[in-house]
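What follows is calculated from the coordinates using simple rules that are stated; it is not laboratory data. All values reported here derive from a predicted model rather than from experimental measurement. Here the Cβ positions follow ideal geometry from the backbone for every residue, glycine too, while neighbour counts run over all protein chains shown.
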Amino acid sequence: MEEGKKFYPTGAYADLRKKALEDPEGFWANEARNIPWFRQWDRTLNWEEPFAKWFEGGLTNASYACLDAHLDSHTRNKVAYYWEDEFGNTRTLSYLQLWAEVNRLASALRMAGVKKGDIVMIYLPMIPELPVSMLALARLGAPHSIVFSGFSSQALADRITDTGAKMLITADFGLRRGKYIPLKVIADQAVRTCPTIRNVVVVRRGPAEQEVDMEEGRDVYYHDLLKNGDAFIEPEKVESAHPLYILYTSGTTGKPKGIVHSTGGYMVFCKSTFKWVFDPRPEWIYWCTADIGWVTGHTYIVYAPLVSGTTSFMFEGSPDYPSIERWWELIERYGINIFYTSPTALRMFMRFGEDPIRKHDLRSLRLLGSVGEPINPEVWEWYFKAIGGERCPIVDTWWQTETGGVLISPAPGCGLVPLKPGSATFPLPGIDVGIVDDQGKPVQDGTRGLLVIRRPWPGMLMTLHQDPKRYTEVYWSRFKGMYLAGDYAIRDGEGYLWLLGRADETLKVAGHRLGTAEIESAAVSMHFVAEAAVVGVPDQVKGEEIVLFAILRQGNNPSPELRKKLSDGIRTLIGPIAVPKEIHFVGKLPKTRSGKIMRRILKALATGTGIGDVSTLEDATSVEEIKRTYEEMKAMMAQK
Ligand code: WT7
């Protein structure tokens, strides 16, 4: 079926894709030989739907694969990370130096009682100690669970509670737009409600004169701890399915889901996807602008570039601080060759025009990447011209926290296909993508449907932490034998895939995934809010913005103070990224007879675009009722 279509991958790339889908296990077994194993696997895939165990019987270690495995080659003295912060402080770590610090920390952590299987929380900003901590824990076989350092103490506490972790690694301060953020104070607030935590390791990186409270017997400075460590500790030989990490992401209901990633399958997927998508040459310098607190950073700042022996640049700072030229200045100074960022950042830069860019020499760039949300064709064109000088291919990479690595993207490392602005093009080799209707039947080309993956891949999440039932329900219960991604997609007449955004009640605000339910439950946890509903509305820069509708409890009247209290409350419970752009206090919420909130009415009210063409597809409410409710709500809001 692929043959004969003009733009499908051709030649060697087509053969690779064909082979991969004809014999997926043989294909992935071959890929698995690209990472080091202490013991070869007995079985490539043990698939008891929906639970996949890749490379069963194999023993490996992610820290070994990322570090030790390079020490016998010239990569030993190659730079692993160039690092710089907002103030221009720098640090450079070669693979050997990184290996040495990881060993020392791992050894010290072992002496502090961390052993295989213990989950350790990390709440750190973008400093070199973050990858060092991840790799040290991986060396011990202790899964890490990183909480983005912009999340609130409550969000941190929720995640600690869910993992039951005994240790937290944090820093005295974070740094944001020239100001120090009191990370340790926030961490202390969280730990106060988490009795499982026995030790807190604190990286000192704030101003020397500013002391933080250290609790005797519980808290220890990272650099003091390091002094206890030996120079070398054997990496733990872990089973391929041993969890490397747990990373929380928002779902449609309830609390965030703890995505569990494996060691063997995940590392194989890191290695292969990095080669296919970014095609790095040995001397190239690569910069992924994500924060390691999100999956993009886990995979494409830490595990994939390191297992591939690539030199990365790592930056702690905001794109527009102290000036809008900061990123371009860094690309020029470090001679960045591969640049991987988000559409949100690009849209922000676009508003400032090309002058700030033209002041810098960006000719080192060879390849550009985009991730996190659909990239608008105009933004793609601008990226291609203004940043890439019409010289660099753009890899628009579609993936998710759950997928572990890229599934759909142009793959220059396999063979380049003609690019279409706004299309992530084709699935990577071995990835079996389908687009289906509500019944799970494939839709025609050109018709929007739900994106599914029809067979497991090595980077696939193993389960949800301590909730295999929810894992099965969320991803595998809608259609038999298919992983439900939660996105809408279209395949065009030439086979190109167009990812159209979430099909469920999650939002993408500046590329960050947030559950409407999560924000709603934060709102109603405030004593003056009776009911709340959240919708996403389009935003020029952030892609989507949050609009919150709230019913106040009796005895409370809408006021600017309450509005502020509500947004401050959400900031405290989740973090700044979840703060609504608008809050509307309303007397009622539009609901179907079965009690479901009619979000399209709220969306229409929030965008002011009107209700448009009403159909009753998703809810059993009549067209008249929807229209009437909409008019009622509109009138109600106009009174304010
Ligand atoms: C959701 C996953 C994958 C790392 C960052 C986000 C959206 C991601 C693209 C893209 C269109 C994209 C999807 C997906 N998304 N990349 N290239 N084109 N949409 O990870 O927070 O788990 O979010 O991000 O909607 O489901 P995440």
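Would you mention how many residues in region 176-197 are of a type in the set (D, E, K, R) and either crowded, with 17+ Cβ neighbours inside 10 Å or under 17 Å from Arg159 (Cβ atoms) (or both)? Before the answer, list the steps.
Taking region 176-197 and keeping what is of a type in the set (D, E, K, R), we get 176-177, 179, 184, 188, 192.
Going one step further and asking which of them are either crowded, with 17+ Cβ neighbours inside 10 Å or under 17 Å from Arg159 (Cβ atoms) (or both), we end up with 176, 184, 188, 192.
Residues meeting the conditions: 4.
Kindly establish whether Phe549 is part of a loop (DSSP other than H, G, I, E, B), without any contact (Cβ under 8 Å) to a residue 60 or more places away in the chain and more than 28 Å from Ile119 (Cβ to Cβ).
Numbers: part of a loop (DSSP other than H, G, I, E, B): no; without any contact (Cβ under 8 Å) to a residue 60 or more places away in the chain: yes; more than 28 Å from Ile119 (Cβ to Cβ): yes.
Answer is no for this residue.
Is it the case, given these coordinates, that Val212 is out of contact with any helix residue (DSSP H, G or I) (no Cβ under 6 Å at 6 or more places or on another chain), β-branched (Val, Ile, Thr) and away from the ligand (no atom under 16 Å from the Cβ)? Reasoning before the result, please.
Working: out of contact with any helix residue (DSSP H, G or I) (no Cβ under 6 Å at 6 or more places or on another chain): no; β-branched (Val, Ile, Thr): yes; away from the ligand (no atom under 16 Å from the Cβ): yes.
No, not satisfied.
Going by the conditions given, is Trp37 in a loop (DSSP other than H, G, I, E, B) and among the aromatic types (Phe, Trp, Tyr)?
yes
Out of Arg563, Arg593, Arg571, which single residue is over 29 Å from Gly511 (Cβ atoms), surrounded by fewer than 20 Cβ atoms within 10 Å (Cβ to Cβ) and charged (D, E, K, R)?
Details: Arg563 fails: over 29 Å from Gly511 (Cβ atoms); Arg571 fails: over 29 Å from Gly511 (Cβ atoms).
Exactly one residue qualifies, and that residue is Arg593.
Quick check: is even one residue across region 174-196 aromatic (Phe, Trp, Tyr) and in a loop (DSSP other than H, G, I, E, B)?
To start, the set of residues in region 174-196 that are aromatic (Phe, Trp, Tyr) comprises 180.
Subset that is in a loop (DSSP other than H, G, I, E, B): none.
No, region 174-196 contains no residue that is aromatic (Phe, Trp, Tyr) and in a loop (DSSP other than H, G, I, E, B).
When the residues of region 349-377 are narrowed to those that are under 24 Å from the mean Cα position of the chain (by Cα) and part of a helix (DSSP H, G or I), which ends up surrounded by the most Cβ atoms within 10 Å (Cβ to Cβ)?
Per the criteria, the residue is Phe349.
Just to confirm my filter: which strands (runs of 3 or more DSSP E) fall fully inside region 394-458 and include at least 2 residues that are within 12 Å of the ligand (Cβ to nearest atom) and free of Cβ contacts under 8 Å to residues at least 12 places away in the same chain?
none
Looking at region 490-521 only, could you name the residues that are within 20 Å of Met598 (Cα to Cα), more than 11 Å from the ligand (Cβ to nearest atom) and either in contact with a His (Cβ under 9 Å, 6 or more places away or on another chain) or among the hydrophobic types (A, V, I, L, M, F, W, C) (or both)?
Listed by number, the residues that qualify are Ala517, Ile519.
Residues of region 384-393 being touching a helix residue (DSSP H, G or I) at 6+ places or on another chain (Cβ under 7 Å) and either within 11 Å of the ligand (Cβ to nearest atom) or part of a loop (DSSP other than H, G, I, E, B) (or both), which ones?
Glu390
Within region 477-488, is even one residue in contact with a helix residue (DSSP H, G or I) (Cβ under 7 Å, 6 or more places away or on another chain), within 16 Å of the ligand (Cβ to nearest atom), closer than 19 Å to Gly251 by Cα and hydroxyl-bearing (Ser, Thr, Tyr)? Spell out how you get there, then give the answer.
Within region 477-488, the subset in contact with a helix residue (DSSP H, G or I) (Cβ under 7 Å, 6 or more places away or on another chain) is 483-484.
Next, only the ones that are within 16 Å of the ligand (Cβ to nearest atom) stay: 483-484.
Filter once more, so that each one left must be closer than 19 Å to Gly251 by Cα: 483-484.
Then keep just the ones that are hydroxyl-bearing (Ser, Thr, Tyr); that gives 483.
The answer is yes; a qualifying residue exists.
Look through Gly309, Gly293, Gly229, Gly297 and report the one residue that is of a type outside the set (A, V, I, L, M, F, W, C) and in contact with a strand residue (DSSP E or B) (Cβ under 6 Å, 6 or more places away or on another chain). Working first, answer last.
Values: Gly309 fails: in contact with a strand residue (DSSP E or B) (Cβ under 6 Å, 6 or more places away or on another chain); Gly229 fails: in contact with a strand residue (DSSP E or B) (Cβ under 6 Å, 6 or more places away or on another chain); Gly297 fails: in contact with a strand residue (DSSP E or B) (Cβ under 6 Å, 6 or more places away or on another chain).
Exactly one of Gly309, Gly293, Gly229, Gly297 is of a type outside the set (A, V, I, L, M, F, W, C) and in contact with a strand residue (DSSP E or B) (Cβ under 6 Å, 6 or more places away or on another chain), namely Gly293.
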